[in-house]
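Report on one structure; see the data block that follows.
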Amino acid sequence: MKKFLNIFPASALLAAAVSCVGLDSVDYSAINGSIFPVTDEDADAIVVGAAYSPFRSKNYVGLYTSAHDGIHIFSDMASDIGTCRWTDSYWSSIININFNAEERQGPVIIYNNYIRDITRMTNVIRTLEDMDLEQERKDWYIAQTRCGRGWLAYILYDMFGAIQLPTEELLDNPSSTVPIPRATEQETADFIEDDLLAAIPHLETKYEYGSTDYGRFTQALAYTVLMKFYMHEGRWEDAENCGRTLTTFGFDLVDYYPDIFTLENEGNIETIWACNCSHGENMQMWLTHVLPRDYPVTNTEIERYNGYRIIWEFMDTFQPGDERLDAIVTEYTSTDGTVYNRENPGSTNERLQLGAIPRKYGEDPEQIGEGSGIDWIVFRYADVLTLLAEAIARNAGTVTQEAVNYLNEVHTRAGLTAYQVSDFASLEDFLDAVLDERGWELWFEGCRRSDLIRHDKFVEYAKTRKHSTTVQEYMELFPLPQTVINEGKGVIAQNPGY
C-alpha cells in the first residue's frame with residue numbers, strides 16, 4: 001500500500017520550544033542558521049514537521065485519531081448521533097453533555113495540545129521568509145504553513161471561541177513567561193480568514209492520488225475550510241462563493257456510499273483531503289473502536305474493542321431505503337451463530353443495546369491488531385454540496401431550485417427520491433432537510449456538533465434525543481483547560497458558564 005506524504009517532526013526546530021501558558025516559542029539563538037534550515041529540503045522538513053503533524057490519524061495521536069481525543073469522535077459524541085459502550089467518567093461527560101474544565105482527555109486537552117502549534121507554524125513562517133529560496137518555492141512553503149495555521153485556528157475557534165494568538169513580543173522573547181490573553185472573536189476570525197486567503201493563490205488546486213505530493217494542502221482543502229468558517233460566521237454569500245468555486249475543481253460523488261471508505265477506493269473522486277495512513281507510520285483504528293468482539297470479519301487479526309455506537313433515536317430519523325444504512329450494522333450474526341439486532345440486542349450494553357454499529361470503513365486485509373492503513377477521509381465533496389445548498393438558500397432567503405438540486409445530488413445518491421421545491425413550505429423546512437441530510441451523510445466525520453449549533457438545535461436535540469439533563473446553552477463552546485486559566489493569573493478568561 002503506497003503512501004506519499006510522510007509526516008515527521010522537524011526536531012531541529014522543535015527541540016528548543018518553551019512553554020508560555022499554552023503557547024510555544026522557539027529560541028533561535030540556539031539554532032545555527034548557517035547550517036539549518038538552509039536548503040529546499042530543510043524548508044520542506046520544517047513545514048511538514050510544523051504544519052502537517054497536527055492533522056494526523058496516527059494511532060492515539062493527531063486531531064483525527066479514532067480514539068477519544070479525535071475531534072470527529074467527541075464532536076459527534078457530544079451531538080445527537082454518538083454514544084459509547086465504555087462507561088468511564090470521560091465518556092459520560094461528553095455523551096451526556098456535561099462538559100467541565102477539569103477533564104484530562106478529549107476537548108479540553110485539545111486546547112493544551114494544539115494551541116502551541118499555532119506559534120510553531122508562525123515561527124516557521126518567519127524562518128521561511130528569511131531563507132534564500134527561489135521565490136515561488138518560498139511562497140509555496142509559506143502557503144502550506146498558513147493553510148495549516150488557519151485551519152487549526154478555525155478548529156480551535158469553533159470549539160473554544162476566541163483563542164490565544166502569538167504576539168511579536170512573544171516570538172522575539174521566547175524566554176518570557178508573561179501570560180498571553182485571548183484575542184477577541186473578531187481578531188481570531190480575521191486571523192483565520194487572512195491565513196486561508198493568503199494561502200490559496202500559492203497552492204495547487206488538488207493532487208491526484210499517486211502523486212508524490214498527494215496529502216499536501218491544496219486550494220481545494222483551503223476553500224473547504226474557508227467555506228466552513230464562513231458558515232460558522234453566518235457569511236452566507238462568501239460561503240456560497242467558496243462552494244461554487246469547489247464545484248469547478250473536478251470532484252464528484254462516488255456512486256455507492258459504502259465504497260467511499262474502502263481500501264480499493266482510496267483517493268477516490270469524492271475525497272478532498274484525507275489523512276495518509278499506512279502500516280508502521282500513521283494508522284487509523286476505526287474498526288477496532290467500533291466492532292464487537294464477536295462480529296464476523298474476514299481478517300480475524302483485526303482487534304475489536306466494541307465501543308462506539310449510533311443511538312437508536314438518531315437511527316429512527318433515516319428514511320427507508322437509504323443506502324447509507326448499508327454502512328451501519330443494525331443486525332449481525334455473531335461468530336457463535338447468535339443473531340443480534342434491536343429486538344435482541346444482547347446483555348449489559350455489549351452489542352446493540354445502546355445503538356447501531358457505525359461500521360463505515362472497510363477492512364484492511366493487512367491489519368494486525370489496532371491499526372488500519374486505509375486513509376482516513378477528513379473532507380469530501382458531499383460535505384461541500386450540502387453546505388452549498390444551505391448557503392444558497394440562506395443567502396437568497398428562500399428555497400431555490402438550485403439549492404434543491406445540490407441537496408438532491410447527495411440525497412439521490414443514497415437511493416432516495418429527489419426532493420421538489422414544492423416539498424418545502426418554508427425556508428425553515430428546507431434547512432431542516434439539509435440538517436437531516438448532513439446527519440445521514442456525515443455521521444462520525446465531525447460535522448454534527450457544528451451543524452446543530454448553526455441550526456440552533458444543539459440544546460434541543462441534546463434534550464430530546466440524548467435525554468441530557470445537564471446541557472446548557474453555554475455548552476455550545478467547550479471550556480478552556482482549568483490549568484490554562486490558573487496559569488493565566490486572571491489574564492486568560494474562561495468561557496462563560498464554566
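The values are calculated or read from the model by the stated rules, or taken from the named source; none is laboratory data. None of these values were measured; they are calculated from a predicted model. In this analysis, Cβ positions are derived from the backbone assuming ideal geometry, glycine residues included, and neighbour counts consider all displayed protein chains. Surface areas here come from the heavy atoms of the whole protein model, side chains and all, with no ligands, DNA or RNA. Shrake-Rupley method; radii C 1.70, N 1.55, O 1.52, S 1.80 Å.
What to note about this one:
- In this structure, Asn265 does not qualify as polar (S, T, N, Q) and at pLDDT below 95.
- Among residues of region 135-155 being open to solvent by 10 Å² or more (accessible area, probe 1.4 Å) and under 23 Å from the mean Cα position of the chain (by Cα), the one that is farthest from Ile73 (Cα to Cα) is Ile142.
Results for (1) touching a residue at least 40 places away in the same chain (Cβ under 8 Å); (2) open to solvent by 10 Å² or more (accessible area, probe 1.4 Å); (3) under 16 Å from Trp140 (Cβ atoms); (4) in contact with a strand residue (DSSP E or B) (Cβ under 9 Å, 6 or more places away or on another chain), shown as yes or no for each residue.
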{"position": "Thr177", "(1), (2), (3), (4)": "yes, yes, no, yes"}
{"position": "Ala183", "(1), (2), (3), (4)": "no, yes, no, yes"}
{"position": "Thr212", "(1), (2), (3), (4)": "yes, yes, yes, no"}
{"position": "Met227", "(1), (2), (3), (4)": "yes, no, no, no"}
{"position": "His232", "(1), (2), (3), (4)": "yes, yes, no, no"}
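- Pairs are defined by a Cβ separation below 8 Å, a sequence spacing of at least 6 or placement on different chains, a first member in region 400-416 that is farther than 23 Å from Asp326 by Cα, and a second member that is acidic (Asp, Glu); the pairs so defined are Ala403/Glu390.
- Filtered by the rule that a residue be among the small types (Gly, Ala, Ser) and in a helix (DSSP H, G or I), region 182-192 gives a lone residue, Ala189.
Residues checked against (1) closer than 21 Å to Ile115 by Cα; (2) charged (D, E, K, R); (3) modelled with pLDDT of 95 or more:
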position: Ser29; (1), (2), (3): no, no, no
position: Gly33; (1), (2), (3): no, no, no
position: Ala43; (1), (2), (3): no, no, yes
position: Val47; (1), (2), (3): yes, no, yes
position: Asp80; (1), (2), (3): no, yes, yes
position: Thr83; (1), (2), (3): no, no, yes
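Rundown of residues vs (1) open to solvent by 10 Å² or more (accessible area, probe 1.4 Å); (2) in contact with a Leu (Cβ under 6 Å, 6 or more places away or on another chain); (3) under 21 Å from Trp440 (Cα atoms), yes/no style:
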position	(1), (2), (3)
Leu63	no, no, no
Met77	no, no, yes
Trp86	yes, no, no
Pro107	no, no, no
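- Screening Asp195 with (1) outside any loop (DSSP other than H, G, I, E, B); (2) of a type outside the set (Phe, Trp, Tyr); (3) open to solvent by 40 Å² or more (accessible area, probe 1.4 Å) gives one miss only, at (3).
- Taking helices (runs of 4 or more DSSP H) as the structural unit, those lying wholly within region 411-498 and holding at least 3 residues that are under 22 Å from Glu233 (Cβ atoms) and open to solvent by 40 Å² or more (accessible area, probe 1.4 Å) correspond to 427-442.
- Boolean, Gly362 is within 23 Å of Leu253 (Cβ to Cβ) and in contact with a Ser or Thr (Cβ under 8 Å, 6 or more places away or on another chain): yes
- Qualifying residue in region 156-168 (condition: surrounded by 18 or more Cβ atoms within 10 Å (Cβ to Cβ), aliphatic (A, V, I, L, M), closer than 30 Å to Pro479 by Cβ and without any contact (Cβ under 8 Å) to a residue 40 or more places away in the chain): yes
- Entry remark, region 312-330: residues being among the hydrophobic types (A, V, I, L, M, F, W, C), open to solvent by 40 Å² or more (accessible area, probe 1.4 Å) and part of a loop (DSSP other than H, G, I, E, B) number 0 in total.
- Considered as a group, the residues in region 374-409 that are over 28 Å from Arg56 (Cβ atoms) and of a type in the set (Val, Ile, Thr) include one that is surrounded by the fewest Cβ atoms within 10 Å (Cβ to Cβ), and that residue is Thr398.
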